[in-house]
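Working notes for the structure below.
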Amino acid sequence: MKFKGQHILSTQQFDKEGLLSLFAEAKKMEKLVKSGKFGKEMEGKILATLFYEPSTRTRFSFEAAMLRLGGRVVSNADMMQTSSVRKLETLEDTGKTVSQMADVIVMRHPEKGSVAVLAEHSDVPVINAGDGSNEHPTQALLDLYTIWKEFGGIDGLTIGMIGDLKNSRVQHSQFGLLKNFKVKYVLVSPRGLEMPSVILKEMGGRAKVVLTPEDMVASADVISVSRIQKERFVSEREYKQFVGQFVVDAALMKKAKKSAIVMQPLPRVDDIAVEVDSDPRARYFKQVGNGVAVRMALLKRVLKG
Ligand code: NCD
């Protein structure tokens with residue numbers, strides 16, 4: 001696949017070869033980070049981060065990645081309140097404007113398809129950092145990178161998914177990338193928060209939907225957890241019906257494979273008990289570090305090839 005000059009909007013753009021070359025690049029980036037030195041690949045380049053939705057990790061991760069490569073950053077963490085959105089500027093015009101000032105744009109927005117709209121009007125590459133419950137391709141990249149590193153490959157694994165499978169853009173995007181590998185799925189969610197039927201259909205015979213977390217962990221090599229996505233519910237009451245129903249705790253981990261790993265993009269909210277943090281299978285904080293390396297690799301590929 002071609003990276004240079006491309007918008008990165010969806011996991012559908014990636015093929016196996018592209019993924020593996022990106023992972024190899026990310027490994028080199030990890031070495032650069034460990035060396036404590038700043039790279040020069042992005043010298044003279046500016047990244048603009050436009051966040052219309054809250055973020056802790058993703059924005060910092062992209063910004064840290066750009067800085068580690070010797071680039072600079074201009075950032076707005078609260079576009080909804082403090083940008084010209086307040087004066088009713090359109091996404092189209094924001095795209096045209098920001099692309100005059102930056103070499104690459106990273107954007108998160110609550111509406112599906114919004115990043116693609118801005119990208120269409122941008123003269124520089126735009127990277128999707130989450131568009132509503134649709135996609136979050138770079139989180140999925142770092143998740144697969146984590147799996148690839150931990151298991152030395154991805155083919156042959158069983159991926160367990162638990163949580164808000166309906167609304168988790170991360171789990172949707174994980175599937176989008178996992179399509180490039182031979183894996184099986186075992187899914188469990190509260191009733192009403194099942195994986196969208198289009199995805200289930202595509203998973204076909206490779207997916208098993210189970211009713212309890214115990215049934216899921218029994219066969220999962222990867223336990224991919226999502227929080228109940230509060231901001232996607234119409235009311236607090238509706239959200240409260242689901243939260244805390246399924247919790248990954250020490251008792252559940254007793255039933256999981258010894259070789260399994262537990263992943264969560266974070267934030268966690270009543271979905272993984274703190275006691276699991278000391279379980280050697282927990283990987284959710286380690287994932288964050290992998291995210292910087294993967295985003296360094298992606299920025300380099302998109303800007304330099
Ligand atoms: C995720 C997101 O924003 O979709 N967080 C992240 O990027 N690390 C997951 C979530 O918010 O639950």
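The values are calculated or read from the model by the stated rules, or taken from the named source; none is laboratory data. Since we're looking at a predicted model, the values are computed, not measured. In this analysis, Cβ positions are derived from the backbone assuming ideal geometry, glycine residues included, and neighbour counts consider all displayed protein chains. For accessibility, only protein heavy atoms count, side chains too; no ligands or nucleic acids. Shrake-Rupley method; radii C 1.70, N 1.55, O 1.52, S 1.80 Å.
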> With every protein chain present, what accessible area does Val243 have (1.4 Å probe, heavy atoms only), rounded to the nearest 10 Å²?
Replying inline: 40
> When all protein chains stay in place, what accessible area (Å², nearest 10, 1.4 Å probe) is found for Lys112?
Replying inline: 150
> If contacts are Cα pairs under 8 angstrom and at least 6 residues apart, what is the relative contact order of the chain in percent?
Replying inline: 20
> If Glu111, Glu63, Glu214 are ordered by their accessible area, calculated over protein heavy atoms with a 1.4 Å probe, which sequence runs from highest to lowest?
Replying inline: Glu111, Glu214, Glu63
> Taking Cα centroids, how far is the range 156-210 from the range 78-138 in Å?
Replying inline: 28
>> Could you give each residue of the range 151-157 its phi-based ³J(HN,Hα) in whole Hz, using Karplus coefficients 6.51, -1.76, 1.60 with θ = phi - 60°, and x for Gly or Pro?
In response: 9, x, x, 10, 4, x, 7
> What is the spread of the Cα atoms of the chain along each of their three principal axes, largest first, in whole Å?
Replying inline: 53, 44, 35
>> List residues of the range 221-249, by number, whose backbone nitrogen lies under 13 Å from a label position 7 Å along Cα→C-beta of Lys112.
In response: none
>> Cross-link candidates for Lys87: which aspartates and glutamates have Cα within less than 15 Å, leaving aside residues fewer than 8 places away along the same chain?
In response: Asp78
> For the range 241-282, what is the per residue volume of the convex hull drawn over the alpha-carbon atoms, in cubic angstrom?
Replying inline: 73
>> Compute for the range 111-193: radius of gyration divided by Kirkwood radius, i.e. Rg/Rh, restricted to C-alpha atoms, rounded to two decimals.
In response: 1.04
> If Lys and Arg each add +1 and Asp and Glu each add -1, what is the summed charge of the other residues whose beta carbon sits under 9 Å from the beta carbon of Pro267?
Replying inline: +3
>> Residue by residue through the range 174-188, what is 3J(HN,Hα) from phi via Karplus (6.51 cos²θ - 1.76 cosθ + 1.60, θ = phi - 60°)? Round to whole Hz and write x for glycine and proline.
In response: 4, 4, x, 7, 5, 4, 7, 10, 8, 10, 10, 10, 10, 10, 9
> Can you list the HN-Hα couplings for the range 244-252, worked out from phi with the Karplus curve (6.51, -1.76, 1.60; θ = phi - 60°), rounded to whole Hz and with x for Gly and Pro?
Replying inline: x, 5, 10, 10, 7, 10, 4, 5, 5
> Given a 1.4 Å probe and the protein chains all in place, what does the accessible area of Asp15 round to, in Å² to the nearest 10?
Replying inline: 50
> Rounded to the nearest 500, what is the chain's calculated 222 nm mean residue ellipticity when only DSSP H runs of at least 4 contribute -39500 (n - 2.57) each, over all residues?
Replying inline: -11500 deg cm²/dmol
> On average over all directions, what projected area in square nanometres does the range 2-145 have, based on the convex hull of its Cα atoms?
Replying inline: 8.4
> Among rounded, prolate and oblate, which fits the range 137-287 when a ≥ b ≥ c are the square roots of the eigenvalues of its C-alpha gyration tensor, a/c under 1.5 means rounded, and a/b larger than b/c means prolate?
Replying inline: rounded
>> Can you sort Glu150, Glu120, Glu202 by solvent-accessible area, 1.4 Å probe, largest first?
In response: Glu120, Glu202, Glu150
